[in-house]
Amino acid sequence: MLRLNYDEIVEKIVSDKGVTKEEVESKIKVKIDELSDLISKEGAAHIIANQYGIKLFENNAPKDFKISDVPKGVNGLNILGKMVSDFEVREFKTAKRQGRLGVCTVGDETGTLRFVVWDDKTISELNEKVKAGDILKIHDAYSKDNNGFIEIHLGSRGQVAINPEGESIGEVKAEVSRLGFSKMNIVELKEGDRAEVQGTVVQMFEPRFYNACEKCGRKVMVQGTDFVCNTHGNVSSKKFPVVNFFFDDGTSNIRAVCFADVAEKFIGRSGEELGGYKPEELDVLLKGNLGKQFVIKGKASKNSNFDRLELMINSIEEADPSSIMKSMEDAV
Ligand SMILES: [Zn+2]
């Protein structure tokens with residue numbers, strides 16, 4: 001069994017629980033003082049991890065992950081990915097060391113991310129044998145946060161199998177994988193937080209619409225009678241809704257915003273359908289979501305026009321009844 005060291009334990013608590021490093025370290029310090037220095041830093045860190053409900057020895061065997069589910073700061077990741085770029089070898093030189101690393105982008109049905117190889121033997125092998133389109137079965141890699149984007153790195157402990165028999169990947173989703181979301185209360189949200197919040201829709205606003213590229217969903221420019229996408233050029237455009245609402249989780253409320261397919265899912269109608277509603281029909285439709293509980297994953301961002309924090313929604317699911325019961329029990 002692999003034993004985590006002090007820094008790894010602290011990092012695991014921080015990434016699993018979305019608390020600050022300072023908070024964790026101060027709790028550990030208090031615990032050491034409480035036990036009159038009879039305990040090591042690691043020992044105290046284990047106790048605090050237990051108090052947070054984190055099982056450090058749950059299972060240290062590498063686990064399989066879909067790309068969009070890769071959390072940050074985790075060891076022991078297995079990933080099956082298709083190379084969507086060629087493998088590139090780069091030299092690097094810092095004050096401390098120099099060497100080379102190998103880089104490519106891999107993807108699966110859920111997203112893409114950067115894959116960085118540090119082991120020299122593996123770099124040579126991949127450089128010789130692989131190109132875009134090949135499938136890599138990556139074993140025992142670790143993840144890192146690079147400016148909000150998830151990367152997986154492979155050190156000397158990891159391995160890669162090239163085009164393993166019997167493994168295939170469907171169409172790769174071209175979206176770059178970002179950091180996962182942490183469960184949070186609305187009251188504690190700060191700008192830039194990537195949060196999962198559960199709460200109730202307390203007010204709905206009338207949808208607005210924009211024209212977007214049918215291929216990628218991004219806003220298109222209107223040039224005469226043509227719609228032009230930055231990526232896809234002349235495209236046919238679809239009418240997409242933007243839906244704003246107030247969301248309350250009992251600790252506070254926040255204005256939440258969803259776009260395009262996420263908004264369509266939330267309302268249960270396509271943008272085209274919505275555009276055809278009469279105001280009074282629309283009113284009835286929107287009211288259908290009032291009082292419903294949802295789980296939202298999104299990013300807290302500042303709306304500078306109004307100097308307020310808003311939750312930009314990546315995904316929204318109706319909360320399942322058992323988890324609602326659970327959160328009510330917790331609250332009692
Ligand atoms: Zn496009």
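The values are calculated or read from the model by the stated rules, or taken from the named source; none is laboratory data. Computed from a predicted structure; not experimentally measured. Glycine gets a Cβ as well: all are built from the backbone with ideal geometry, and neighbour counts include every protein chain shown. Accessible surface is based on the protein model in full, side chains and every heavy atom, while ligands, DNA and RNA are left aside. Shrake-Rupley method; radii C 1.70, N 1.55, O 1.52, S 1.80 Å.
Among 232-240, 110-118, how do they line up by average Cβ neighbours within 10 Å per residue, starting with the highest?
110-118, 232-240
Work out from phi, with θ = phi - 60° and the Karplus expression 6.51 cos²θ - 1.76 cosθ + 1.60, the ³J(HN,Hα) of each residue of the range 17-33, listed in order in whole Hz, and give x for Gly and Pro.
Per residue, the Karplus-derived 3J(HN,Hα) values read 10, x, 9, 7, 4, 4, 4, 5, 5, 6, 5, 5, 5, 4, 5, 4, 4 Hz.
Ignoring ligands, DNA and RNA, what percent of the accessible area of the chain is carbon or sulfur (1.4 Å)?
Ligands and nucleic acids excluded, carbon and sulfur reach 47 percent.
So if I place +1 on the C-beta of Lys and Arg and -1 on the C-beta of Asp and Glu, and nothing else carries charge, what would the dipole magnitude of the chain be about its Cα centre? I want it in debye, nearest 20.
700 debye
Just the number please: accessible area per residue for the chain, 1.4 Å probe, all protein chains included, in Å².
Computed with neighbouring chains in place, this is 58 Å² per residue.
Under 10 Å, Cα contacts only: if you run a Gaussian network model on the chain, which one of Val106, Val30, Val197 comes out with the highest mean-square fluctuation?
Greatest mean-square fluctuation among the candidates belongs to Val30.
How high is the relative contact order of the range 77-197? Use alpha-carbon pairs under 8 Å, at least six apart in sequence, and give a whole percent.
27 percent
What ³J(HN,Hα) values, in whole Hz, does the Karplus curve 6.51 cos²θ - 1.76 cosθ + 1.60 give for the range 98-104 when θ = phi - 60°, with x put for Gly and Pro?
Per-residue couplings from phi come out as 9, x, 9, 9, x, 9, 8 Hz.
Measure of size requested: the Rg and Dmax of the range 165-230, with Cα atoms as the atom set and Å as the unit; please supply both.
Taking only Cα atoms of the range 165-230, I get Rg and Dmax of 18.8, 53 Å.
With an 8 Å Cα cut-off and a minimum separation of 6 or more residues, compute the relative contact order for the range 6-46 in percent.
Once normalised by length, the contact order is 43 percent.
How many angstrom lie between the Cα centre of the range 13-32 and the Cα centre of the range 84-150?
Spelled out, the Cα-based centre of one part sits 32 Å from the other.
Could you sort 120-127, 81-88 so that the peptide with the highest average Cβ count within 10 Å comes first and the rest follow in order?
81-88, 120-127
Can you run phi through the Karplus equation (6.51, -1.76, 1.60; θ = phi - 60°) for the range 227-237 and list ³J(HN,Hα) in whole Hz, with x for Gly and Pro?
Computed from phi, the couplings for the range 227-237 are 10, 10, 9, 4, 8, 9, x, 5, 9, 8, 10 Hz.
Skipping prolines and chain starts, which residues have an amide H placed within reach, meaning under 5 Å, of the one on Gly76, given they are 5 or more residues away or on another chain?
Correct list: Ala141.
I'd like the per residue volume of the convex hull spanned by the Cα atoms of the range 63-162, given in cubic angstrom.
Roughly 95 Å³ of hull volume per residue.
Pairs of alpha-carbon atoms within less than 8 angstrom and 6+ residues apart define the contacts here; what relative contact order does the chain have, in percent?
12 percent
Please get the size of the charge dipole for the range 16-116, origin at its Cα centre, with Cβ charges of +1 on Lys and Arg and -1 on Asp and Glu, quoted in debye to the nearest 20.
Taking the Cα centre of the range 16-116 as origin, the dipole is about 380 debye.
The chain: D in µm²/s via Stokes-Einstein (Kirkwood Rh, Cα pairs, 25 °C, 0.890 mPa s)?
107 µm²/s
Helix-only mean residue ellipticity at 222 nm, the chain, DSSP H runs n ≥ 4 weighted -39,500 (n - 2.57), per residue, nearest 500. What is it?
-7000 deg cm²/dmol
Quick check on the range 70-202: of the DSSP beta bridges with both residues there, what percent are antiparallel, nearest 5%?
Of the beta bridges lying entirely in the range 70-202, close to 80 percent run antiparallel.
Which cross-chain or sequence-distant (5 or more) residues have an amide H under 5 Å from the amide H of Phe209, H modelled 1.01 Å from N in plane?
Val242
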